[in-house]
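The values are calculated or read from the model by the stated rules, or taken from the named source; none is laboratory data. The shown structure was predicted, so the numbers you read here are calculated from the model rather than taken from an experiment. Neighbour counts run over all protein chains shown; Cβ positions are idealised from the backbone, glycine included.
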Protein chains: 2
Amino acid sequence: MQAGTDALNAAQGPARPTPEAIEAVTGGLLRQFGNRVVTSQAVREQHGHTLTWTPNQPPDLVVFPETTAEVVKIVKLCAAHRVPMVPFGTGTSLEGHVNAPFGGVSIDTSLMKRIIAVHAEDLDCVIEPGVTRKMLNEHLRDMGLFFPIDPGADASLGGMASTRASGTNAVRYGTMKDNVLSLTAVLANGEVVKTARRAKKSSAGYDLTRLFVGAEGTLGIITELTLKLHGIPEAISAGVCSFPSIAAACDVTIATIQSGIPVARIELADAAQIRAINLYSKLGLPEQPMLFVEFHGTDQGVREQAERFGEIAAEYGAGAFEWETKPEDRTRLWQARHDAYWAAHALRPGAKSLSTDVCVPISRLAECVEETQRDIAETGLLAPIVGHVGDGNFHVLPLFDGDDPAEVAKVKAFVERIVERALAMEGTCTGEHGVGQAKMKYLPLEHPAATLDAMRAVKLALDPMNIMNPGKIIPS
Amino acid sequence: MQAGTDALNAAQGPARPTPEAIEAVTGGLLRQFGNRVVTSQAVREQHGHTLTWTPNQPPDLVVFPETTAEVVKIVKLCAAHRVPMVPFGTGTSLEGHVNAPFGGVSIDTSLMKRIIAVHAEDLDCVIEPGVTRKMLNEHLRDMGLFFPIDPGADASLGGMASTRASGTNAVRYGTMKDNVLSLTAVLANGEVVKTARRAKKSSAGYDLTRLFVGAEGTLGIITELTLKLHGIPEAISAGVCSFPSIAAACDVTIATIQSGIPVARIELADAAQIRAINLYSKLGLPEQPMLFVEFHGTDQGVREQAERFGEIAAEYGAGAFEWETKPEDRTRLWQARHDAYWAAHALRPGAKSLSTDVCVPISRLAECVEETQRDIAETGLLAPIVGHVGDGNFHVLPLFDGDDPAEVAKVKAFVERIVERALAMEGTCTGEHGVGQAKMKYLPLEHPAATLDAMRAVKLALDPMNIMNPGKIIPS
């Protein structure tokens with residue numbers, strides 16, 4: 001117990017709770033939650049970070065609440081013993097968000113998966129945080145509705161809100177920031193905050209909704225979400241197109257957006273990624289940068305959008321622009337993009353990978369990607385690039401031997417250079433993956449000291465004991 | 001001076017500073033800012049609230065800074081003497097936002113009106129907070145760009161950010177929350193916070209941008225804004241249509257949005273408003289609820305959108321749907337909407353008016369508007385209604401004799417009933433005007449106590465002496 005720790009020290013990270021504190025919390029939780037408390041090594045490790053190179057730091061125990069009221073009980077018990085809590089969705093976050101560096105309790109929301117209400121006329125729904133995006137879209141399909149945010153993994157929506165996730169559709173539909181209307185969260189003191197009513201807009205006080213979106217569980221535990229929905233488009237067209245250079249592909253992206261074409265998806269794969277695809281799927285695509293585009297609208301609208309895009313692409317020296325509207329044809333055209341992750345891994349079977357994530361103003365994107373490609377060549381890495389280029393966001397996937405310290409060090413330095421490059425171009429160290437543990441060290445490079453101080457002040461105000469997912473986001 | 005006041009009392013509102021404190025600040029500012037410090041009664045009153053029935057509460061003095069560095073100097077001086085500060089844009093806010101209930105310094109940003117940069121490829125611009133939306137759009141026009149948020153008044157963009165303003169275009173382009181990419185603010189301690197880089201999206205820490213948007217100057221003074229821009233649409237179509245009932249007009253709005261038509265504006269005027277228009281502009285319109293719509297896109301797209309809207313409207317028993325694409329024809333069709341405010345006032349020359357502002361889930365909108373109309377009839381008021389119905393947001397404009405206490409009391413009670421009605425329908429007490437002084441009392445009805453406590457904690461963390469626009473937003 002840290003009774004003597006002052007507020008500032010608390011904000012800089014708690015010490016690991018004493019065995020007595022963990023014992024008290026475990027006993028209390030077992031009495032209330034029975035076999036929904038798990039302390040086995042395997043489950044604890046599965047609830048620490050399991051992806052990429054960040055070491056696994058398991059919690060002391062895992063509890064599976066079913067309601068907001070149960071989360072309140074857990075939080076009050078942990079707070080009474082000053083035991084850290086780490087909210088857990090599906091564990092697909094990439095920067096060490098779910099690790100428990102100070103031990104404590106992982107609060108697994110996977111049993112909180114009720115879809116409480118769908119309001120079709122209002123284009124919103126109310127859900128619990130353990131609902132995944134695929135579950136939700138399955139539920140919505142027959143109503144002609146969908147939730148657009150697609151980070152790749154079938155992540156929980158609570159986790160997606162917490163990391164401010166986005167993905168391929170963000171260029172048109174925005175990120176989680178834009179698609180959470182309201183949320184319920186349990187604060188460190190056990191109080192339950194509901195951030196907003198269900199009206200589509202409001203000016204009634206501070207935007208606590210957006211404060212919790214992207215807070216990675218460091219300000220409280222999200223237990224309910226009201227999300228915006230969209231009508232499934234009447235028609236979709238999708239196409240692919242090769243380009244002589246990254247610059248040409250980026251210029252076409254800029255021109256497309258500037259011309260007001262409401263592109264739903266515009267994805268870049270670089271030549272290295274296409275090479276991987278050709279090996280993996282035997283596709284025989286030209287090994288050049290490629291754009292994958294998708295348009296949503298009316299039959300006539302999506303044809304017009306595809307045609308106009310094709311005209312723009314041709315002006316910048318693109319290869320043939322092939323586009324289709326039938327689902328099976330669209331799937332075929334986009335196959336290379338869908339397989340990108342596995343194709344990249346097939347370049348070096350058994351290798352580890354790390355999906356980096358930076359975002360720059362789109363005017364700097366080509367420069368940032370091309371410099372990164374030169375860096376890859378000079379460093380001698382296998383590292384394909386894909387990008388949500390409509391947002392200026394791209395991922396590099398270096399493949400490496402995780403057991404070879406020299407190789408790990410080389411990749412770490414490479415990732416560091418990507419972040420520095422993005423920051424030098426008015427960009428951000430993370431467009432959509434979040435900070436977690438792994439990107440904390442870049443925050444002082446990205447934000448002025450006063451900005452980090454303001455973030456620390458907000459954190460301290462809402463979690464004075466620093467028991468909500470400590471050791472994440474804000475460096476001490 | 002309140003040296004002995006503890007943090008909690010400070011958060012509940014400071015006492016008025018002593019004459020000595022004001023004298024010290026005035027002297028210090030005069031030395032640094034010379035004739036950019038104004039203490040005349042007329043200018044002070046003009047910087048207090050001058051609209052509607054909220055009484056004028058002038059600041060002790062007004063200062064006109066030109067740079068962020070100058071704002072820092074003002075803030076540090078005021079903080080040293082614990083003197084309240086009230087940021088001022090154009091004074092067009094409607095809920096007493098710029099009043100100085102505890103006196104202090106009005107910081108008028110009207111000299112901070114530089115457009116620092118326009119990044120056409122990135123669709124963003126960097127501006128100072130005193131730039132008004134019309135100034136900005138004037139500057140952007142030749143570049144084929146525009147900033148869509150239109151709250152009616154030619155407000156300053158700093159003020160629009162601070163009140164989370166929106167208006168007619170919000171149904172398509174969102175509110176200020178969605179269109180501020182980053183901002184610079186001077187905190188109560190004189191530190192300068194920059195909330196984000198210029199990348200289109202980021203997951204790098206707490207969303208301080210959205211925390212300052214809508215904070216009404218209570219957390220700091222915005223001194224720079226990076227705003228998202230949009231391409232001026234290639235084509236615009238606009239139309240009008242009468243409906244047999246409010247319900248029919250609202251149902252058509254819902255069906256239009258559900259069907260995925262990306263309507264840029266969809267505005268309702270009720271029969272009372274149309275009656276006012278007919279009297280004011282001699283238009284001879286059918287005195288029924290009317291929708292005004294506007295579509296942005298390609299030539300072909302805006303035709304298709306208008307035609308589809310017309311089909312939907314016809315299904316719900318609408319009158320003839322007239323639509324046009326040429327600017328002069330569009331202006332003619334929308335004339336009634338553009339003149340709405342002045343037409344309403346002409347119903348009772350010399351009367352005061354109050355523009356109320358509530359927002360409900362769109363599925364409840366017809367019910368909310370119709371109950372309000374019955375209330376108007378039963379109360380015996382002249383009170384036309386217009387609404388940004390795509391967002392479920394509407395304004396009622398009761399006209400009254402501001403010198404007749406009985407009439408003022410009647411209108412106050414009426415406004416209170418509108419807010420209660422909206423809240424009972426999962427709505428908000430303000431969709432876009434903000435809280436200011438006048439709507440503070442509704443916040444405990446809208447938000448749970450824990451939510452208000454969390455807002456208070458954030459306020460106290462960033463402004464422990466409560467010197468930033470005290471007496472606004474959060475009730476003590």
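I'd like to know if the stretch B:59-72 contains one or more residues that are of a type outside the set (S, T, N, Q), within 21 Å of B:PRO19 (Cα to Cα) and touching an Asp or Glu at 6+ places or on another chain (Cβ under 6 Å).
Going residue by residue through the stretch B:59-72, those that are of a type outside the set (S, T, N, Q) are B:59-66, B:69-72.
With within 21 Å of B:PRO19 (Cα to Cα) added as a condition, the list becomes B:59-63.
Right, trim to touching an Asp or Glu at 6+ places or on another chain (Cβ under 6 Å) and you get B:62.
Taking every residue of the stretch B:59-72 in turn, at least one turns out to be of a type outside the set (S, T, N, Q), within 21 Å of B:PRO19 (Cα to Cα) and touching an Asp or Glu at 6+ places or on another chain (Cβ under 6 Å).
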Quick count over the stretch B:218-232, residues being part of a strand (DSSP E or B), under 21 Å from B:ILE107 (Cα atoms) and touching an Asp or Glu at 6+ places or on another chain (Cβ under 9 Å), is 4
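Report yes if some residue within the stretch B:213-223 is farther than 30 Å from B:GLU70 by Cβ and not acidic (Asp, Glu); otherwise report no. If you could, list the steps in order and put the result at the bottom.
Keep residues of the stretch B:213-223 that are farther than 30 Å from B:GLU70 by Cβ, which gives none.
Within the stretch B:213-223, not a single residue is farther than 30 Å from B:GLU70 by Cβ and not acidic (Asp, Glu).
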Would you mind stating whether A:GLY174 is at the interface with another protein chain (Cβ under 9 Å from one of its Cβ atoms), on the phi > 0 side of the Ramachandran plot and touching a strand residue (DSSP E or B) at 6+ places or on another chain (Cβ under 6 Å)? no
Going through the stretch B:374-394 in order, the residues found to be under 24 Å from B:TYR173 (Cβ atoms) and away from chain A (no Cβ under 13 Å) are B:ILE385, B:VAL386
Scanning the stretch B:186-200 residue by residue, those over 18 Å from A:PRO444 (Cα atoms) and either buried (at least 24 other Cβ atoms within 10 Å of the Cβ) or touching a Cys at 6+ places or on another chain (Cβ under 8 Å) (or both) turn out to be B:VAL186, B:LYS200
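Which of the residues belonging to the stretch A:119-144 are among the aliphatic types (A, V, I, L, M), closer than 26 Å to A:VAL71 by Cα and crowded, with 18+ Cβ neighbours inside 10 Å? Can you show your working first?
Of the stretch A:119-144, the ones among the aliphatic types (A, V, I, L, M) are A:120, A:123, A:126-127, A:131, A:135-136, A:140, A:143.
From what's left, closer than 26 Å to A:VAL71 by Cα: A:126-127, A:131, A:135-136.
Result: A:VAL126, A:ILE127, A:VAL131, A:LEU136.
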From the option list A:LEU77, A:LEU94, single residue qualifying as outside the structural domain of A:ILE221 (by TED's automatic domain parsing), modelled with pLDDT of 95 or more and in contact with a Leu (Cβ under 9 Å, 6 or more places away or on another chain) is A:LEU77
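Which residue, of A:ALA155, A:ALA120, is closer than 30 Å to A:THR356 by Cβ, small (Gly, Ala, Ser) and in contact (Cβ under 8 Å) with a residue 12 or more places away in the chain?
Working: A:ALA120 fails: closer than 30 Å to A:THR356 by Cβ.
Of A:ALA155, A:ALA120, the one residue that is closer than 30 Å to A:THR356 by Cβ, small (Gly, Ala, Ser) and in contact (Cβ under 8 Å) with a residue 12 or more places away in the chain is A:ALA155.
Does A:LEU157 fit the bill of being closer than 26 Å to A:ARG197 by Cα, crowded, with 19+ Cβ neighbours inside 10 Å, within 14 Å of chain B (Cβ to nearest Cβ) and at pLDDT 95 or above? Outline the logic, then answer.
Values: closer than 26 Å to A:ARG197 by Cα: yes; crowded, with 19+ Cβ neighbours inside 10 Å: yes; within 14 Å of chain B (Cβ to nearest Cβ): no; at pLDDT 95 or above: yes.
No: the conditions fail for A:LEU157.
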The number of residues in the stretch A:352-362 that are touching a His at 6+ places or on another chain (Cβ under 7 Å) and either away from chain B (no Cβ under 14 Å) or within 10 Å of A:ALA247 (Cα to Cα) (or both) is 1
Only one of (1) assigned to a helix (DSSP H, G or I); (2) under 26 Å from A:VAL458 (Cα atoms) does not apply to B:CYS368, and that is (2)
Scanning the stretch B:408-445 residue by residue, those surrounded by fewer than 19 Cβ atoms within 10 Å (Cβ to Cβ) and part of a loop (DSSP other than H, G, I, E, B) turn out to be B:GLU426
Discussion item. Among the residues of the stretch B:308-326, are any crowded, with 20+ Cβ neighbours inside 10 Å, in contact (Cβ under 8 Å) with a residue 24 or more places away in the chain, aliphatic (A, V, I, L, M) and not in a helix (DSSP H, G or I)?
Written reply: yes
All-but-one check, A:LEU77 against (1) within 14 Å of another protein chain (Cβ to nearest Cβ); (2) in contact with a helix residue (DSSP H, G or I) (Cβ under 8 Å, 6 or more places away or on another chain), failing number (1)
Scanning the stretch B:177-212 residue by residue, the ones that are farther than 24 Å from A:VAL389 by Cβ, among the polar types (S, T, N, Q) and more than 7 Å from every other protein chain (Cβ to nearest Cβ) total 2
Residue pairs within 7 Å by beta carbon, gap of at least six or interchain, first lying in the stretch B:289-301 and within 14 Å of another protein chain (Cβ to nearest Cβ) and in a strand (DSSP E or B), second among the hydroxyl-bearing types (Ser, Thr, Tyr) and surrounded by 24 or more Cβ atoms within 10 Å (Cβ to Cβ), listed first then second, are B:PHE295/B:SER237
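Could you say which residue among B:GLU426, B:GLU371, B:GLU416 is among the acidic types (Asp, Glu) and within 13 Å of chain A (Cβ to nearest Cβ)?
Details: B:GLU371 fails: within 13 Å of chain A (Cβ to nearest Cβ); B:GLU416 fails: within 13 Å of chain A (Cβ to nearest Cβ).
Testing whether each residue is among the acidic types (Asp, Glu) and within 13 Å of chain A (Cβ to nearest Cβ) leaves just B:GLU426.
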For the stretch B:429-469, the count of residues that are within 19 Å of the chain's Cα centre (by Cα) and more than 8 Å from chain A (Cβ to nearest Cβ) equals 6
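Can you pull out every residue in the stretch B:405-424 that is touching a strand residue (DSSP E or B) at 6+ places or on another chain (Cβ under 9 Å) and either within 25 Å of A:LYS200 (Cβ to Cβ) or in contact (Cβ under 8 Å) with a residue 40 or more places away in the chain (or both)?
Of the stretch B:405-424, the ones touching a strand residue (DSSP E or B) at 6+ places or on another chain (Cβ under 9 Å) are B:407-408, B:410-411, B:414-415, B:418-419, B:421-423.
Once the filter is applied, which keeps residues that are touching a strand residue (DSSP E or B) at 6+ places or on another chain (Cβ under 9 Å) and either within 25 Å of A:LYS200 (Cβ to Cβ) or in contact (Cβ under 8 Å) with a residue 40 or more places away in the chain (or both), the stretch B:405-424 yields B:VAL408, B:VAL411, B:PHE414, B:VAL415, B:ILE418, B:VAL419, B:ARG421, B:ALA422, B:LEU423.
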Checking B:TRP342, B:TRP323 in turn, the sole residue that is more than 14 Å from chain A (Cβ to nearest Cβ) and within 26 Å of A:HIS296 (Cβ to Cβ) turns out to be B:TRP323
